[in-house]
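Shown next, in structure tokens, is the structure this report addresses.
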Amino acid sequence: MSASDEIWILGINMTKFGKHPDLDVVDLGAEAIMGALADAGMTMRDVGILAAGNLMGGGGIGQQLQKQVGQTGIPVFNVSNACATGATALRTAIMAVKAGEVDVGLAVGVEKLAGAGLLGGGGKSKSDENVWEPKGRYGAVAPTDGRIGTDTMPGVFAQVGMEYLNDHTYGGEPFELFAKISQKNHSHSTLNPLAAYTKEMSLEQIMGDIMIAYPNTRPMCSANCDGAAAAVVVNGEKLKTLSLEQQRRAVKVSASVLTTDPWQEACQILPDVNTLTRNAAKQAYEQAGVGPDDLDLVELHDCFATAELVHYDNLMLCEEGGAVDFFESGAPWRDGRLPVNVSGGLQSKGHPISATGIANIWEVCQHVRGEGGPRQIEGAKVGLAHVIGLGSACGIHVLEKSAA
Amino acid sequence: MTSTDAPAQVPLVDYLVLGDDPHLLAYECASCGARYFDRRNACAACFDTEFTRVRIPSEGVVRTFTIVAYAAPGIPVPFVSAVVDCDGTSVRGNLINVEADPDHVRLGMKVRLATYSLGTDDNGTEAIGFGFEPVES
């Protein structure tokens, strides 16, 4: 591989996740971009392409952000891929750099989601006239959410986790198992000042909280919040022209993969988040030339406690079918064999949808740069960041410490 | 103008067939056998464009479930959402005629299709929904 084929993260930034009542979506995205540019030692003049993700705003976020940080006439790609939107933006910028069209790419993801409540459910309300009238692809005479299963995310992902316990027979108490996973991530978040929630939670508190969709109580669900993250990527040729300090802090993107869900028997009625993650992981390990055993930390998409379990297996952090044993061994705790979600994960760091797929990469970069502060995983050299957007899309990036 | 011979009942969705023997219908790919509850231009698995209509077995086992306690306004809670394996075809539906708590619902539970009334509209037409109820063993 020549230097021009290599991709490096030169600068990366995430805002504080949480409630930002005084900042709009443009303010937050611009803050992340300015932070990433400063971290990279660059300005908008250096940037050849902008890929921007935002789901809940009015559209055209990339151009809105240019007007806030610098309008240079470069192409903007506004991307949308559910919860994988941030990773999709980064992947887009990386493809442009890898194609040789530009030396420097910028990706940003931003969301205002504080107080958004339950996502995915509801459907259209009935019209004033009280007549059963078939509508939509299934000729439904009434909203199907709640009548034919659930459309809401806590319930969908609860079924994903319970399905794993069905396929790999589990003798214990599912509720307690999943609550313990949540306990880990809430504990990890106490060391992350940028997390939306930083409180330790006991198992009793987690299990005693409001039930949303069994076995997920409220603290076992990702926290809706505001936030943004941005990254500047360059190719290896460009990096060689930069300062030694920039080269030392640059993080190598040794794999960048985006997949969708291939057909699977049940995917029409319950989104399959497993196959596309496993496929993406296989591709990523092959691209990077590393295996799960080489990883020093993993940030994976724990949108619900029930989701984290299945991804231990999908990312091949354990033997096939061995996710429960992997968790119960203590491996994914920050002092364990393979720390998972030391940021606190989506359950406590928060999940401003479009920002998540870059924020998880920021977390891994902090550690491989040795800049993780009190939550630094000592000696971290290689990490993996994973994100899932329902529907589905999966982004995986493998990040490596610079040899410079 | 209201027709006097309007159907007295309509199904909640078009893949539910009412009558004396209520059941679900799917489109089945003529080539690979993949099944879909909605129309497809080509099979998502093998891209063939021929489909036949097939009846889904009405008994199955619960492959996964959740008990939804918090839903959008207007949706009665709690309810049990499940995926039922009907002899190789996965079907999404609520578990009905069972207590919505983890002591009464379990993975691997045997269930069968059951229908219920959603109410009657201004024309006197009754909508019929479906779910799965436990099979006593």
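Mind checking whether some residue in the range A:299-315 is open to solvent by 20 Å² or more (accessible area, probe 1.4 Å), under 21 Å from the mean Cα position of the chain (by Cα) and either within 14 Å of chain B (Cβ to nearest Cβ) or at pLDDT 95 or above (or both)?
So in the range A:299-315, the residues open to solvent by 20 Å² or more (accessible area, probe 1.4 Å) come out as none.
Scanning the range A:299-315 turns up no residue that is open to solvent by 20 Å² or more (accessible area, probe 1.4 Å), under 21 Å from the mean Cα position of the chain (by Cα) and either within 14 Å of chain B (Cβ to nearest Cβ) or at pLDDT 95 or above (or both).
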Query raised in the report: If you go through the range B:66-84 one residue at a time, do you hit one that is over 27 Å from A:G117 (Cβ atoms), open to solvent by 30 Å² or more (accessible area, probe 1.4 Å) and more than 8 Å from every other protein chain (Cβ to nearest Cβ)?
Result: no
Requested in this report: Six or more apart or on different chains, Cβ under 6 Å: which pairs go from a residue in the range A:134-157 that's more than 7 Å from chain B (Cβ to nearest Cβ) and in contact (Cβ under 8 Å) with a residue 60 or more places away in the chain to one that's hydroxyl-bearing (S, T, Y) and buried (at least 24 other Cβ atoms within 10 Å of the Cβ)? Could you list them?
Outcome: A:F157/A:T306
Report summary line: Of the residues in the range A:199-237 that are charged (D, E, K, R) and more than 14 Å from chain B (Cβ to nearest Cβ), the one that is surrounded by the most Cβ atoms within 10 Å (Cβ to Cβ) is A:D226
Query raised in the report: All but one of (1) open to solvent by 30 Å² or more (accessible area, probe 1.4 Å); (2) at pLDDT 95 or above; (3) part of a loop (DSSP other than H, G, I, E, B); (4) away from every other protein chain (no Cβ under 14 Å) hold for A:V102; which doesn't?
Result: (1)
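Please determine whether any residue of the range A:338-359 is in a helix (DSSP H, G or I), within 17 Å of the chain's Cα centre (by Cα), touching a residue at least 12 places away in the same chain (Cβ under 8 Å) and within 22 Å of A:E286 (Cβ to Cβ). Steps first, answer last, please.
From the range A:338-359, those in a helix (DSSP H, G or I) are A:345-348, A:353-359; that's our starting set.
Remaining after also requiring within 17 Å of the chain's Cα centre (by Cα): A:345-348, A:353-359.
From what is left, the residues that are touching a residue at least 12 places away in the same chain (Cβ under 8 Å) are A:345-348, A:353-359.
Now drop any that are not within 22 Å of A:E286 (Cβ to Cβ), which leaves A:357.
Yes - at least one qualifying residue is present in the range A:338-359.
Out of the residues in the range B:85-95 that are open to solvent by less than 40 Å² (accessible area, probe 1.4 Å) and either more than 8 Å from every other protein chain (Cβ to nearest Cβ) or of a type in the set (S, T, N, Q) (or both), which is nearest to A:V156 (Cα to Cα)? So that I can check it myself, show each step before the final result.
Restricting attention to the range B:85-95, the residues satisfying the condition of being open to solvent by less than 40 Å² (accessible area, probe 1.4 Å) are B:86, B:89-91, B:93-95.
Filter once more, so that each one left must be either more than 8 Å from every other protein chain (Cβ to nearest Cβ) or of a type in the set (S, T, N, Q) (or both): B:86, B:89-90, B:94-95.
Numbers: B:C86: 19, B:T89: 19, B:S90: 15, B:N94: 13, B:L95: 15 Å.
Result: B:N94.
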Query raised in the report: Mind checking which pairs have a first residue in the range B:106-133 that is within 10 Å of another protein chain (Cβ to nearest Cβ) and in contact (Cβ under 8 Å) with a residue 40 or more places away in the chain and a second that is hydroxyl-bearing (S, T, Y) and not in a strand (DSSP E or B), Cβ under 8 Å, 6 or more apart or different chains?
Result: B:N123/B:T2
Report summary line: In the range A:256-275, residues that are open to solvent by less than 50 Å² (accessible area, probe 1.4 Å), within 17 Å of A:A82 (Cα to Cα) and away from every other protein chain (no Cβ under 14 Å) total 2
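Rundown of residues vs (1) out of contact with any Leu (no Cβ under 9 Å at 6 or more places or on another chain); (2) hydrophobic (A, V, I, L, M, F, W, C), yes/no style:
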| residue | (1), (2) |
| --- | --- |
| A:K252 | no, no |
| A:W263 | yes, yes |
| A:T275 | yes, no |
| A:K282 | yes, no |
| A:D296 | no, no |
| A:D302 | no, no |
| A:E308 | no, no |
| A:N314 | no, no |
Report task. Tell me which residues, restricted to the range A:91-100, are touching a Gly at 6+ places or on another chain (Cβ under 7 Å) and within 15 Å of A:G48 (Cβ to Cβ). Result -> A:A93, A:I94, A:A96, A:V97
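So that you can scan it fast, the table gives a plain yes or no per residue for (1) modelled with pLDDT under 95; (2) away from every other protein chain (no Cβ under 12 Å); (3) assigned to a loop (DSSP other than H, G, I, E, B):
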{"site": "B:M1", "(1), (2), (3)": "yes, yes, yes"}
{"site": "B:D21", "(1), (2), (3)": "no, yes, yes"}
{"site": "B:F47", "(1), (2), (3)": "no, no, yes"}
{"site": "B:V54", "(1), (2), (3)": "no, yes, no"}
Query raised in the report: Which condition number in (1) over 21 Å from B:E28 (Cα atoms); (2) crowded, with 22+ Cβ neighbours inside 10 Å is the one that B:G60 fails?
Result: (1)
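Residue-by-condition table, conditions (1) assigned to a helix (DSSP H, G or I); (2) in contact with a Ser or Thr (Cβ under 9 Å, 6 or more places away or on another chain):
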residue: A:P21; (1), (2): no, no
residue: A:A32; (1), (2): yes, yes
residue: A:A52; (1), (2): no, yes
residue: A:M56; (1), (2): no, yes
residue: A:G62; (1), (2): yes, no
residue: A:L65; (1), (2): yes, no
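Within the range A:34-52, does at least one residue satisfy the condition of being of a type in the set (S, T, N, Q) and surrounded by fewer than 19 Cβ atoms within 10 Å (Cβ to Cβ)? Break it down stepwise before answering.
If we filter the range A:34-52 for residues that are of a type in the set (S, T, N, Q), which is where we start, we get A:43.
Then drop every residue that is not surrounded by fewer than 19 Cβ atoms within 10 Å (Cβ to Cβ), which leaves A:43.
Yes, the range A:34-52 has at least one match.
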Report summary line: Flagged in the range B:28-45 as part of a strand (DSSP E or B) and either in contact with a Cys (Cβ under 6 Å, 6 or more places away or on another chain) or open to solvent by 50 Å² or more (accessible area, probe 1.4 Å) (or both), in numbering order, are B:C29, B:R35
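The values are calculated or read from the model by the stated rules, or taken from the named source; none is laboratory data. Bear in mind the structure is a predicted one, so any value in this text is a computation, not a measurement. With ideal geometry, Cβ positions are generated from the backbone for all residues, glycine too; neighbour counts draw on all protein chains shown. For accessibility, only protein heavy atoms count, side chains too; no ligands or nucleic acids. Shrake-Rupley method; radii C 1.70, N 1.55, O 1.52, S 1.80 Å.
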